[in-house]
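Each remark here refers to the structure printed beneath this line.
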Amino acid sequence: SATLRRPSVRAGMGLVGGLALVWMGVDMLHSAGSVALDLSSTQAVQPWWLLMFWGAAVCMANPYFTGWWATIGAGQMAHLQLRSKRQYLSFYFGHELSDLVWYALVGIVVATGKELFGAQVYQALVAICGSALVALAAWFLYSGLQLMWFRGSRNS
């Protein structure tokens with residue numbers, strides 16, 4: 001939309017999204033040394049369709065889902081300057097498909113990988129992912145500040 005293409009809106013979204021990513025990344029880095037995988041549950045295996053239902057429900061109920069799309073996702077769409085419903089849907093479904101692939105890989109590693117790596121490797125992976133979020137946050141913050149600075153210099 002025209003509103004999302006405005007530099008001030010894009011700058012604000014970049015800054016808010018960047019701050020949200022900093023918060024998530026720093027939280028991951030802070031807790032990386034104490035996280036642990038506990039796969040000792042003795043509950044019965046659930047049917048695949050029920051697992052998919054609960055996975056979708058948890059995703060939609062997760063405050064990060066709404067927060068991500070309200071800040072970072074919307075900021076990315078503004079940065080890409082999407083103009084049509086097809087472009088918005090392509091971006092959304094492409095993002096969700098990449099989430100599906102990524103989380104399927106994570107699920108397979110978690111379910112089968114306890115023998116492959118111990119707590120230290122898992123903690124290192126959490127720290128690496130937290131660092132990646134902080135790096136992405138830096139890019140969002142830089143982009144937001146660039147847009148603010150560029151908009152301010154044009155109005156001078």
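The values are calculated or read from the model by the stated rules, or taken from the named source; none is laboratory data. Model, not experiment: these values are computed from the prediction. All Cβ positions, glycine included, derive from the backbone under ideal geometry; neighbour counts span all protein chains shown. Calculation scope for accessible area: heavy atoms of the full protein, side chains included, ligands and nucleic acids excluded. Shrake-Rupley method; radii C 1.70, N 1.55, O 1.52, S 1.80 Å.
The table that follows gives values for the structure above.
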{"quantity": "The chain: angle of helix 7-31 to the longest principal axis, Cα-based, in degrees nearest 10", "calculated": "30 degrees"}
{"quantity": "Rounded tilt (10° steps) of 119-154 against the dominant C-alpha axis of the chain", "calculated": "10 degrees"}
{"quantity": "Unit charges on C-beta of K, R, D, E only; dipole of the chain, Debye", "calculated": "1000 debye"}
{"quantity": "Over 25 Å [Cα-Cα, the chain], rounded percent", "calculated": "44 percent"}
{"quantity": "Degrees between helix 85-112 axis and first principal axis of the chain (Cα, 0 to 90, nearest 10)", "calculated": "30 degrees"}
{"quantity": "Computed over region 13-136: relative contact order in percent, which uses C-alpha pairs under 8 Å that are six or more apart", "calculated": "65 percent"}
{"quantity": "Top of S143, S131, S34 by mean-square fluctuation, Gaussian network on the chain, Cα under 10 Å", "calculated": "S34"}
{"quantity": "For Y88, solvent-accessible area (1.4 Å; no DNA, RNA or ligand), Å²", "calculated": "50 Å²"}
{"quantity": "Surface accessible to a 1.4 Å probe, I128 within the full protein complex, Å²", "calculated": "110 Å²"}
